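Step one of this worksheet: look at the structure below.
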Amino acid sequence: MHLSGDDIVFWRYGFLKLNLTIATTWVLMALMAGVSALVTRRISTEGPRSRWQCLLETIVTLANRQIGEVGLENPARYLPFLATLFLFIATANLCTVLPGYEPPTGSLSTTAALALSVFVAVPLFGIAEQGLSGYLKGYVEPTPIMLPFNIIGELTRTLALAVRLFGNMMSGVMILGILLTIAPLFFPVLMNILGLLTGMVQAYIFSILATVYIAAAAKGQDSPQHPNHQETKEKPWTH
(Lines give C-alpha, C1' and ligand atoms only; values in the text may rest on other atoms or scores of the structure.)
Protein backbone atom coordinates (compact mmCIF):
# COMPACT_ATOMS: atom_id res chain seq x y z
CA MET A 1 0.00 0.00 0.00
CA HIS A 2 1.52 3.32 -1.07
CA LEU A 3 0.89 6.34 1.10
CA SER A 4 0.41 8.98 -1.61
CA GLY A 5 0.59 9.62 -5.32
CA ASP A 6 4.21 10.68 -4.90
CA ASP A 7 5.17 7.00 -4.84
CA ILE A 8 3.83 6.41 -8.37
CA VAL A 9 6.36 7.91 -10.81
CA PHE A 10 5.55 8.05 -14.53
CA TRP A 11 8.71 9.76 -15.75
CA ARG A 12 12.06 10.67 -14.25
CA TYR A 13 15.07 12.56 -15.56
CA GLY A 14 17.72 13.36 -12.97
CA PHE A 15 16.06 15.20 -10.10
CA LEU A 16 13.02 15.96 -12.28
CA LYS A 17 10.11 13.56 -12.09
CA LEU A 18 6.45 13.35 -13.01
CA ASN A 19 4.43 11.46 -10.43
CA LEU A 20 0.73 10.80 -9.90
CA THR A 21 0.34 13.78 -7.57
CA ILE A 22 1.64 16.25 -10.16
CA ALA A 23 -0.39 14.67 -12.97
CA THR A 24 -3.58 14.72 -10.90
CA THR A 25 -2.96 18.36 -9.95
CA TRP A 26 -2.55 19.33 -13.59
CA VAL A 27 -5.74 17.51 -14.55
CA LEU A 28 -7.67 19.24 -11.77
CA MET A 29 -6.35 22.66 -12.76
CA ALA A 30 -7.23 22.05 -16.42
CA LEU A 31 -10.70 20.83 -15.42
CA MET A 32 -11.37 23.84 -13.20
CA ALA A 33 -10.08 26.26 -15.83
CA GLY A 34 -12.24 24.62 -18.50
CA VAL A 35 -15.38 24.69 -16.39
CA SER A 36 -14.75 28.33 -15.45
CA ALA A 37 -14.33 29.27 -19.10
CA LEU A 38 -17.58 27.54 -20.05
CA VAL A 39 -19.56 29.06 -17.18
CA THR A 40 -18.30 32.61 -17.71
CA ARG A 41 -18.56 32.49 -21.50
CA ARG A 42 -22.21 33.53 -21.45
CA ILE A 43 -22.62 35.62 -18.34
CA SER A 44 -26.05 37.23 -18.22
CA THR A 45 -26.68 40.46 -16.30
CA GLU A 46 -30.35 40.67 -17.22
CA GLY A 47 -33.09 38.13 -17.64
CA PRO A 48 -32.89 34.43 -16.71
CA ARG A 49 -29.57 33.01 -15.55
CA SER A 50 -28.26 29.49 -16.05
CA ARG A 51 -27.89 27.13 -13.09
CA TRP A 52 -24.12 27.24 -13.45
CA GLN A 53 -24.11 31.03 -13.31
CA CYS A 54 -26.31 30.97 -10.22
CA LEU A 55 -23.92 28.52 -8.58
CA LEU A 56 -20.95 30.69 -9.51
CA GLU A 57 -22.64 33.83 -8.18
CA THR A 58 -23.48 32.03 -4.94
CA ILE A 59 -19.86 30.96 -4.45
CA VAL A 60 -18.56 34.46 -5.16
CA THR A 61 -21.12 36.09 -2.86
CA LEU A 62 -20.40 33.72 0.02
CA ALA A 63 -16.64 34.08 -0.43
CA ASN A 64 -16.90 37.88 -0.47
CA ARG A 65 -19.03 37.84 2.66
CA GLN A 66 -16.66 35.50 4.50
CA ILE A 67 -13.59 37.56 3.58
CA GLY A 68 -15.37 40.70 4.76
CA GLU A 69 -16.36 39.08 8.06
CA VAL A 70 -12.73 38.27 8.78
CA GLY A 71 -12.00 41.98 8.60
CA LEU A 72 -10.66 42.79 5.13
CA GLU A 73 -12.30 45.98 3.90
CA ASN A 74 -12.09 45.30 0.16
CA PRO A 75 -12.92 41.59 -0.31
CA ALA A 76 -12.80 41.78 -4.11
CA ARG A 77 -9.06 42.47 -3.95
CA TYR A 78 -8.39 39.18 -2.17
CA LEU A 79 -11.15 37.09 -3.72
CA PRO A 80 -9.19 35.63 -6.69
CA PHE A 81 -6.41 34.22 -4.50
CA LEU A 82 -8.45 33.04 -1.53
CA ALA A 83 -11.39 31.64 -3.51
CA THR A 84 -8.99 29.78 -5.80
CA LEU A 85 -7.34 28.18 -2.77
CA PHE A 86 -10.70 27.04 -1.43
CA LEU A 87 -12.04 25.79 -4.77
CA PHE A 88 -8.88 23.83 -5.60
CA ILE A 89 -8.71 22.10 -2.22
CA ALA A 90 -12.46 21.45 -2.18
CA THR A 91 -12.43 20.03 -5.73
CA ALA A 92 -9.39 17.87 -4.99
CA ASN A 93 -11.09 16.46 -1.88
CA LEU A 94 -14.55 16.00 -3.42
CA CYS A 95 -13.15 13.92 -6.27
CA THR A 96 -12.25 11.18 -3.78
CA VAL A 97 -15.59 9.57 -4.68
CA LEU A 98 -14.06 8.59 -8.04
CA PRO A 99 -12.67 5.04 -8.13
CA GLY A 100 -8.89 4.88 -8.13
CA TYR A 101 -8.53 8.61 -7.47
CA GLU A 102 -5.91 9.79 -4.99
CA PRO A 103 -6.24 13.41 -3.84
CA PRO A 104 -3.13 15.56 -4.33
CA THR A 105 -3.92 17.11 -0.95
CA GLY A 106 -2.90 13.75 0.54
CA SER A 107 0.67 14.55 -0.50
CA LEU A 108 2.91 16.71 1.66
CA SER A 109 4.46 18.24 -1.47
CA THR A 110 1.08 19.65 -2.55
CA THR A 111 0.10 20.95 0.88
CA ALA A 112 3.55 22.49 1.29
CA ALA A 113 3.18 24.25 -2.08
CA LEU A 114 -0.23 25.62 -1.04
CA ALA A 115 1.19 26.80 2.28
CA LEU A 116 4.15 28.45 0.53
CA SER A 117 1.75 30.33 -1.73
CA VAL A 118 0.09 31.73 1.39
CA PHE A 119 3.53 32.49 2.87
CA VAL A 120 4.36 34.59 -0.20
CA ALA A 121 0.90 36.19 -0.48
CA VAL A 122 0.80 37.45 3.11
CA PRO A 123 3.69 39.96 2.83
CA LEU A 124 2.65 40.97 -0.69
CA PHE A 125 -0.84 41.93 0.45
CA GLY A 126 0.56 43.46 3.63
CA ILE A 127 3.01 45.67 1.72
CA ALA A 128 0.29 46.65 -0.75
CA GLU A 129 -1.92 47.85 2.11
CA GLN A 130 0.60 49.37 4.52
CA GLY A 131 3.65 50.07 2.40
CA LEU A 132 7.02 48.40 2.94
CA SER A 133 7.98 50.37 6.04
CA GLY A 134 4.56 49.94 7.64
CA TYR A 135 4.58 46.18 7.07
CA LEU A 136 8.13 45.67 8.35
CA LYS A 137 7.30 47.77 11.41
CA GLY A 138 4.88 45.07 12.49
CA TYR A 139 7.78 42.68 13.07
CA VAL A 140 9.22 44.87 15.84
CA GLU A 141 5.94 45.53 17.66
CA PRO A 142 5.29 45.91 20.52
CA THR A 143 9.08 45.84 21.10
CA PRO A 144 12.12 45.12 18.89
CA ILE A 145 12.85 42.10 21.08
CA MET A 146 9.92 40.40 19.36
CA LEU A 147 11.60 40.46 15.92
CA PRO A 148 13.02 36.90 15.98
CA PHE A 149 9.83 35.54 17.52
CA ASN A 150 7.67 37.18 14.86
CA ILE A 151 9.88 35.74 12.11
CA ILE A 152 9.71 32.29 13.67
CA GLY A 153 5.94 32.68 13.93
CA GLU A 154 5.69 33.38 10.19
CA LEU A 155 7.64 30.19 9.41
CA THR A 156 5.86 27.93 11.88
CA ARG A 157 2.37 28.90 10.82
CA THR A 158 3.31 28.09 7.22
CA LEU A 159 4.51 24.67 8.36
CA ALA A 160 1.33 24.23 10.39
CA LEU A 161 -0.85 24.96 7.35
CA ALA A 162 0.92 22.30 5.28
CA VAL A 163 1.04 19.62 7.99
CA ARG A 164 -2.57 20.18 9.13
CA LEU A 165 -4.06 19.67 5.67
CA PHE A 166 -1.70 16.77 4.83
CA GLY A 167 -2.33 15.00 8.14
CA ASN A 168 -6.10 15.18 7.94
CA MET A 169 -6.29 14.01 4.34
CA MET A 170 -3.67 11.28 4.74
CA SER A 171 -5.33 9.89 7.86
CA GLY A 172 -8.61 9.61 5.96
CA VAL A 173 -6.94 7.69 3.11
CA MET A 174 -5.21 5.29 5.50
CA ILE A 175 -8.36 4.63 7.55
CA LEU A 176 -10.32 3.93 4.36
CA GLY A 177 -7.62 1.50 3.20
CA ILE A 178 -7.76 -0.37 6.52
CA LEU A 179 -11.57 -0.57 6.48
CA LEU A 180 -11.52 -1.82 2.89
CA THR A 181 -9.47 -4.76 4.10
CA ILE A 182 -11.69 -5.47 7.11
CA ALA A 183 -15.14 -4.89 5.64
CA PRO A 184 -14.98 -4.13 1.89
CA LEU A 185 -18.77 -3.77 1.39
CA PHE A 186 -20.18 -1.64 4.20
CA PHE A 187 -17.61 0.73 5.71
CA PRO A 188 -16.26 2.31 2.47
CA VAL A 189 -19.65 3.93 1.74
CA LEU A 190 -19.78 5.56 5.17
CA MET A 191 -16.14 6.58 4.98
CA ASN A 192 -16.64 8.19 1.57
CA ILE A 193 -19.51 10.27 2.95
CA LEU A 194 -17.43 11.25 5.97
CA GLY A 195 -14.46 11.94 3.69
CA LEU A 196 -16.49 14.38 1.59
CA LEU A 197 -17.55 16.28 4.69
CA THR A 198 -14.00 16.30 6.06
CA GLY A 199 -12.62 17.47 2.72
CA MET A 200 -14.95 20.46 2.61
CA VAL A 201 -14.15 21.35 6.21
CA GLN A 202 -10.42 21.19 5.52
CA ALA A 203 -10.80 23.39 2.44
CA TYR A 204 -12.69 25.94 4.52
CA ILE A 205 -10.20 25.86 7.39
CA PHE A 206 -7.19 26.27 5.10
CA SER A 207 -8.71 29.19 3.20
CA ILE A 208 -10.04 30.94 6.31
CA LEU A 209 -6.67 30.70 8.06
CA ALA A 210 -5.04 32.16 4.95
CA THR A 211 -7.59 34.99 5.11
CA VAL A 212 -6.80 35.61 8.78
CA TYR A 213 -3.06 35.79 8.08
CA ILE A 214 -3.58 38.19 5.19
CA ALA A 215 -5.93 40.35 7.27
CA ALA A 216 -3.33 40.55 10.04
CA ALA A 217 -0.64 41.57 7.55
CA ALA A 218 -2.88 44.06 5.74
CA LYS A 219 -3.98 45.86 8.89
CA GLY A 220 -0.93 45.53 11.06
CA GLN A 221 -1.03 44.68 14.73
CA ASP A 222 -3.05 46.93 17.00
CA SER A 223 -3.77 49.35 14.16
CA PRO A 224 -5.44 52.52 15.46
CA GLN A 225 -7.63 52.65 12.35
CA HIS A 226 -9.03 49.23 13.23
CA PRO A 227 -9.59 49.05 16.99
CA ASN A 228 -11.47 45.76 16.76
CA HIS A 229 -8.74 44.05 14.81
CA GLN A 230 -7.68 41.65 17.55
CA GLU A 231 -11.25 40.51 18.14
CA THR A 232 -11.88 40.03 14.42
CA LYS A 233 -8.64 38.19 13.89
CA GLU A 234 -9.26 35.65 16.63
CA LYS A 235 -12.87 34.87 15.79
CA PRO A 236 -12.31 32.57 12.74
CA TRP A 237 -10.17 30.21 14.87
CA THR A 238 -13.36 29.06 16.55
CA HIS A 239 -14.60 27.45 13.34
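The values are calculated or read from the model by the stated rules, or taken from the named source; none is laboratory data. This is a predicted model, so every value here is computed, not measured. Cβ atoms come from the backbone with ideal geometry, glycine included; neighbour counts cover every protein chain shown. We work out accessible area using only protein heavy atoms, side chains counted, and drop any ligands, DNA or RNA first. Shrake-Rupley method; radii C 1.70, N 1.55, O 1.52, S 1.80 Å.
Considering only protein heavy atoms, with the full assembly of protein chains and a 1.4 angstrom probe, order R51, R12 by accessible area, largest first.
The ordering from most to least exposed comes out as R51, R12.
Order the peptides 154-162, 197-205, 138-146 from the highest to the lowest mean number of other Cβ atoms within 10 Å of their residues.
197-205, 154-162, 138-146
Using Stokes-Einstein with the Kirkwood hydrodynamic radius over Cα pairs, what translational diffusion coefficient do you get for region 77-169 at 37 °C and a viscosity of 0.692 mPa s, in µm²/s rounded to a whole number?
219
Any chance you could run the full-extension gain for V60 through V120? It's 0.36 nm times the residue separation minus the Cα-Cα distance, nm to one decimal.
Once the chain is fully extended between V60 and V120, it gains 19.3 nm.
Say the dipole of region 1-158 comes from +1 at the beta carbon of Lys and Arg and -1 at that of Asp and Glu; which of L136, F88, M32 then lies farthest toward its positive end?
The Cα lying farthest towards the positive end belongs to M32.
Percent of Cα-Cα pairs more than 22 Å apart in region 20-104, please.
Here the long-distance tail beyond 22 Å is 39 percent of all Cα pairs in region 20-104.
What's the carbon and sulfur percent of region 56-134's accessible surface, probe 1.4 angstrom, rounded to a whole number?
Looking at region 56-134 in its full context, I get 69 percent from C and S.
Please work out the FRET efficiency for the pair K137 and L79, using the Cβ-Cβ distance as r and a Förster radius of 30 Å; give the result to the nearest 0.05.
0.65
In Å², what does the accessible area per residue of region 1-97 work out to with a 1.4 Å probe?
Roughly 67 Å² per residue, with all protein chains present.
Within 10 Å, count the other beta carbons around each residue, average over each peptide in 70-77, 106-113, and list them highest first.
My ranking of the peptides, most packed first, is 106-113, 70-77.
Calculate the FRET efficiency for I43 and L94 from the Cβ-Cβ distance with a Förster distance of 22 Å, rounded to the nearest 0.05.
0.35
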